[in-house]
Amino acid sequence: MTAARTAAPRRAGLRRPGAWRTHPKTALAALACTALALTACGGHSASTATDDAASTVKSLGAVPIPSPPTAQATPTATDKHLQLLAMGYSVNAQLPGASAVVTAGGPTEEPIATPGGVPDHATGTITITVREATGALTLHAADFTSRDENGTAIALSTRGPATITARAGQTATLTLTGTYKAGAAALTWRHDGKTVAVWDFNIELD
């Protein structure tokens, strides 16, 4: 049986019989040919990858880029066409002799405690802001009424002046307060007896 053996290291200056000795110039030529072959191969791969990517884009078409959402235009109301809005939104009121952007904000709630410490009512403060007026637009506290979800009228009072007038380049504010129970409610604005806008909102008592 022939035992496995480890090849002994060669000593410098000796070569085994039959071993092929490479001439330095021949070795350099072989290395150069190998480098050229590899370069040619790599270039072919890069070209193929580029062609494949272009082909994919061509077959799929241009990828659509969504445009940013446009801001919602302020709705226009007249004495012949009212607007229904959520509280906090503005209306562009085009009225005889004047126009303006009118916004109803709030209500800011101040809970009213009852026996037992659980509030069942709240004082709601509503702010009416008039801006960007053309001409002079006058608002009276009496132009605004409020009702709850059952249709019950909510008495409104003012904090500050009961009448405001907005003119070009000015901003005017009317502040109203009412006592509300939990639930839905609405604020109605009438100008010269005609309904211009209705804002709805909810009162939450936690």
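The values are calculated or read from the model by the stated rules, or taken from the named source; none is laboratory data. All figures in this text were calculated on a predicted structure; none of them were measured in a lab. Glycine also receives a Cβ, built like all others from the backbone with ideal geometry; neighbour counts cover every protein chain displayed. Side chains are part of the model used for accessible areas, which takes the heavy atoms of the whole protein and leaves out ligands, DNA and RNA. Shrake-Rupley method; radii C 1.70, N 1.55, O 1.52, S 1.80 Å.
Per-residue Karplus couplings for region 166-177, computed as 6.51 cos²θ - 1.76 cosθ + 1.60 with θ equal to phi - 60°, are listed in order as 9, 10, 3, x, 10, 10, 10, 10, 10, 10, 10, 9 Hz, Gly and Pro entered as x.
Across region 153-163, coupling constants 3J(HN,Hα) worked out from phi with the 6.51/-1.76/1.60 Karplus curve, θ = phi - 60°, read 5, 10, 5, 10, 10, 10, 10, x, x, 8, 9 Hz, and Gly and Pro carry x.
Determine the gain in length on full extension of the stretch residue 170-residue 73; use 0.36 nm per residue of separation and subtract their C-alpha separation, reporting nm with one decimal. Don't jump to the answer; show the numbers that get you there.
Details: separation 97, 0.36 × 97 = 34.92 nm, distance 2.16 nm.
Residue separation times 0.36 nm, minus the Cα-Cα distance, leaves 32.8 nm.
From largest accessible area down, sort 192, 148, 200; use a 1.4 Å probe on the protein chains. It would help to have the intermediate numbers written out before the result.
Values: 192 135, 148 45, 200 90 Å².
Order by accessible area, largest first: 192, 200, 148.
In plain terms, the chain from residue 195 to residue 132 could stretch by 20.6 nm, reckoned as 0.36 nm per residue minus the Cα-Cα distance.
For region 74-177, averaging the sequence separation of C-alpha pairs within contact (under 8 Å, six or more residues apart) and dividing by the residue count gives a relative contact order of 22 percent. If you take all other residues with their beta carbon under 13 Å from the beta carbon of residue 170, and give Lys and Arg +1 and Asp and Glu -1, the sum is +1.
Take residue 110, project a point 7 Å from its Cα along the Cβ direction, then tell me which residues of region 181-206 have their backbone nitrogen under 19 Å from it. Under cut-off, by backbone N: 181-182, 203-206. Count Lys and Arg as plus one, Asp and Glu as minus one, and take only other residues whose Cβ is under 13 Å from that of residue 181; the net charge is then -4. Positive contributions from Lys and Arg (+1) and negative ones from Asp and Glu (-1), summed over other residues with Cβ under 12 Å from the Cβ of residue 125, come out at -1. Separation of region 102-133 from region 138-206 is 10 Å, based on Cα centroids.
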